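Enquirer: Would you mind keeping the following structure in view while I ask a few things?
The values are calculated or read from the model by the stated rules, or taken from the named source; none is laboratory data. Keep in mind the model is a prediction, meaning the values are calculated, not measured. Note: ideal-geometry Cβ built from the backbone for every residue, glycine included; neighbour counts use all protein chains shown. These area figures cover heavy atoms from the full protein model, side chains too; ligands, DNA and RNA do not enter into them. Shrake-Rupley method; radii C 1.70, N 1.55, O 1.52, S 1.80 Å.
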Amino acid sequence: MTLPQFVIDAVYPLAGLAIGALVGVLLRSVVLPRVAKLAEHTETQVDDVVITALRGPVVFWGALIGLYISISLATYEPKIVD
């Protein structure tokens with residue numbers, strides 16, 4: 001059984017989307033809490049505000065970056081329709 005070409009063409013962008021979202025989740029759950037602990041020891045509140053602002057969209061931006069990279073690396077055959 002062979003898969004239709006549009007399914008095969010969609011694998012790379014979907015994989016990139018999933019990997020980018022996974023990287024975003026890892027950043028939000030592992031990296032940002034560690035950076036937040038370091039930011040607690042500073043005198044200003046600017047870094048705390050920046051870290052709080054990054055917590056929400058980091059998964060979204062990771063997914064978009066992964067999708068962008070995977071689409072740019074994917075090859076598509078041009079189709080001519082009469």
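Enquirer: Identify, by number, the condition in (1) surrounded by 10 or more Cβ atoms within 10 Å (Cβ to Cβ); (2) of a type in the set (Val, Ile, Thr); (3) more than 19 Å from VAL58 (Cβ to Cβ) that VAL23 doesn't meet.
Expert: Single failed check for VAL23: (3).
Enquirer: Moving on. Name the helices (runs of 4 or more DSSP H) wholly inside the chain in which the number of residues that are touching a Lys or Arg at 6+ places or on another chain (Cβ under 7 Å) and at pLDDT below 90 is 1 or more.
Expert: By residue number, 46-55.
Enquirer: Any idea which residue in segment 5-17 is nearest to the chain's Cα centre (by Cα), counting only those that are open to solvent by 60 Å² or more (accessible area, probe 1.4 Å) and over 12 Å from ILE69 (Cβ atoms)?
Expert: Ranking the candidates gives LEU14 first.
Enquirer: When segment 5-54 is examined, which residues are found to be among the basic types (Lys, Arg) and over 30 Å from LEU73 (Cα atoms)?
Expert: ARG34, LYS37, listed by residue number.
Enquirer: Quick check on my filter: what residues within segment 58-82 are under 8 Å from the mean Cα position of the chain (by Cα) and open to solvent by 100 Å² or more (accessible area, probe 1.4 Å)?
Expert: Listed by number, the residues that qualify are PHE60, TRP61.
Enquirer: Filter segment 27-65 for residues that are of a type in the set (Gly, Ala, Ser) and within 30 Å of LEU14 (Cβ to Cβ) and give the result.
Expert: SER29, ALA53, GLY56, GLY62, ALA63
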